[in-house]
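Okay, structure first, notes after.
The values are calculated or read from the model by the stated rules, or taken from the named source; none is laboratory data. Since the model is a prediction, treat every value here as computed from it, not as a measurement. With ideal geometry, Cβ positions are generated from the backbone for all residues, glycine too; neighbour counts draw on all protein chains shown. Only protein heavy atoms, including side chains, enter the accessible area calculation; ligands, DNA and RNA are left aside. Shrake-Rupley method; radii C 1.70, N 1.55, O 1.52, S 1.80 Å.
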There are 2 protein chains.
Amino acid sequence: MITDNYPTRKENEGRFMLRRESVTYGEAPENYERDGFVIIKDFFSSGSIKQCLAANPSGLATMDPITGTTRSVAGIHNQLPFSDIASDSELVSGIRSILGSDIYIHQSRINYKLGGGSNGWHWHSDFETWHSQDGMPGMNCLTAMIPLTENNECNGSLMVIPGSHKVFYSCKKMPVASAQENFADQKEGVPDNDAMREFFSGSNPVLITCKPGDLVLFDSNLIHGSTQNITLTPRTNLFFVYNSVNNKLQAPFGGGEPRPEEMGARINTKTL
Amino acid sequence: MITDNYPTRKENEGRFMLRRESVTYGEAPENYERDGFVIIKDFFSSGSIKQCLAANPSGLATMDPITGTTRSVAGIHNQLPFSDIASDSELVSGIRSILGSDIYIHQSRINYKLGGGSNGWHWHSDFETWHSQDGMPGMNCLTAMIPLTENNECNGSLMVIPGSHKVFYSCKKMPVASAQENFADQKEGVPDNDAMREFFSGSNPVLITCKPGDLVLFDSNLIHGSTQNITLTPRTNLFFVYNSVNNKLQAPFGGGEPRPEEMGARINTKTL
């Protein structure tokens, strides 16, 4: 049985632990190791991004609890035109270099944040969820966020805490109705205010503004969140999560059944 | 009986109307007339601002419906150290110039947005409320917003729509339990999404980042709003609303009883 290096959602109190592994395993963009994220301007052509924005993906949809519109559709990386972006050779090669191995797509989704009050996302580490609910052993995994619309100062852009990926916050146990419900409005796997105060004492949050064509890479354990979008300018982004083939999913460390394939790939793990 | 130039909350549909009066009546900061707001850096000394942040005001308190902490305390401009700021001679003289007359304080408040999910404010025109609920006849009134903490990209800073003060949006009728409840989480007097789409088609919203010592002036009819504060850096600001003595309150145009003195001054209207 594989060791649980990052126990979480098992105790009644949360606690900080050190990251037990490297952030980068080869050539990486400047400051990625230190900050846990990087913004690369003008990475994609505008044509391919426009195609993605115009496309109507099918997949596992989650609704927005506030506006009642679609919040997210997961499992899109084998559909054109998303597959062209997800398998972009320069993107794949760069991520292989950072993670130091062959990779595959653990999760893919398009997050609509259409505006008019669309819900935000609480501060969280993706890895914490993927570990507990999906059985991802370690952190050798990252997300490519690809804006399809302008992510500006006003429409609920992603906020990150630079350097927060260097520690792991083991969240307290908090029963929720279902993993899917937790995705619509996360309650479990969210550090409490005392933990967040500790994170903020290490670094101020940074708002990631970016535009179609840009690429944002961030570590699986970077603490991030966002506010609601009260404008009417959609903040619509693609998220492709690339995992090292050496970090494939085990049984969920939090127990229970694995989430659907669209949330954590077990079957369709084509090596890139 | 005084004419109602801006009927609102009386019909089942909202509608746009033109502003029926000037924005400025004398010397005004550059672009204030066009944009409806201005940010003046380093207006106040840091000492007086720190005193305000440390003070414990008494007044009409409103609680935050999300965090359960104090959202706002109104009626503070006669208490030290707030009174020193509110009656600052350079501030008063500048506002007298913009409004073109003697002035008095219609409303004063400190808005705490302490963080950890503090509620935002829906898009609205202050004047729309002051007209309907307080009986303010015209728009010859402005707000001085004075940050006591950093208002940054991440902690729910004020967003404004430049130029939106040039039109009046007459809001549809929507019964609410009480004016005070409406202040805690505004439902009535909020333009609907179609109206907001029209406002956004005229101009993109601007996030007003500022720091202690800065001064922000904005027109009573400027559309503004803000998101929740999900950081733990409080966004705490003073708001002093200066009204022209020629624009004193009448019976509320929306009918009903006037709000408390702390929300719209009728008795204590000392001329500045």
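Ligands, DNA and RNA are left out, and with a 1.4 angstrom probe the accessible area of the range B:15-247 is 36 Å² per residue.
Hey, what did chain B get for relative contact order, percent, Cα under 8 Å, at least 6 apart?
35
Measuring only protein heavy atoms, the 1.4 Å probe finds A:Leu158 accessible over about 10 Å². The largest accessible area among A:Lys113, B:Lys248 belongs to the first residue in B:Lys248, A:Lys113, and the rest follow in falling order (1.4 Å probe, all chains). Interface residues of the range B:215-236, defined as a loss of at least 20 Å² in heavy-atom accessible area between the chain alone and the complex of all protein chains with a 1.4 Å probe, are B:Thr227, B:Gln228, B:Ile230, B:Thr231, B:Leu232. Surface burial for A against B, with a 1.4 Å probe and both sides summed, reaches about 1800 Å² of accessible area.
Classify the range A:15-247 as rounded, prolate or oblate, taking a ≥ b ≥ c as the square roots of the eigenvalues of its Cα gyration tensor: rounded when a/c is under 1.5, otherwise prolate if a/b is larger than b/c and oblate if not. Rounded is the answer for the range A:15-247, as its axis ratio a/c remains below 1.5. Across A:Tyr169, A:Tyr104, A:Tyr25, mean-square fluctuation computed from a Gaussian network of chain A (C-alpha pairs under 10 Å connected) peaks at A:Tyr25.
Taking the Cα centre of the protein assembly as shown as origin, work out the dipole magnitude from +1 charges on Lys and Arg Cβ and -1 charges on Asp and Glu Cβ, in debye rounded to 20.
Values: 46 positive and 60 negative charges, 98 e Å.
It comes to approximately 480 debye.
Residues A:Glu257, B:Glu33, B:Glu198, B:Glu188, ordered by accessible area of protein heavy atoms at a 1.4 angstrom probe radius and largest first, appear as A:Glu257, B:Glu198, B:Glu33, B:Glu188. Accessible area per residue was computed with a 1.4 Å probe on protein heavy atoms; B:Val190 scores about 40 Å².
Once you have a ≥ b ≥ c as the square roots of the Cα gyration tensor eigenvalues for the range B:1-122, tell me rounded if a/c is under 1.5, and otherwise prolate or oblate according to whether a/b is larger than b/c. Oblate.
Suppose every K and R has +1 on its Cβ and every D and E has -1 on its Cβ; what is the size of the dipole of the range B:124-272 about the Cα centre, in Debye to the nearest 20?
240
For the protein assembly as shown, give the percent of accessible area contributed by carbon and sulfur heavy atoms, probe 1.4 Å, rounded to a whole number. About 50 percent, which is the carbon plus sulfur part of the accessible surface.
For n ≥ 4 DSSP H runs only, could you compute -39500 (n - 2.57) per run for the protein assembly as shown, divide by its residues and tell me the 222 nm figure to the nearest 500?
-5000 deg cm²/dmol
Considering all projection directions equally, how large on average is the shadow of the alpha-carbon convex hull of the protein assembly as shown, in square nanometres? That works out to 25.5 nm². Rounded to the nearest 20, the size of the Cβ-charge dipole of the range A:15-247 about its Cα centre is 360 debye, with Lys and Arg at +1 and Asp and Glu at -1. From the cross-link list A:Lys10/B:Lys211; B:Lys172/B:Lys270; A:Lys41/B:Lys187; A:Lys166/A:Lys187, which pairs have alpha carbons spaced over 30 Å apart? Over 30 Å Cα-Cα: A:Lys10/B:Lys211; B:Lys172/B:Lys270; A:Lys41/B:Lys187. Burial of accessible area (probe 1.4 Å, heavy atoms of protein chains only) in the range B:130-161, relative to its chain alone, reaches at least 50 Å² for B:Glu153, B:Cys154.
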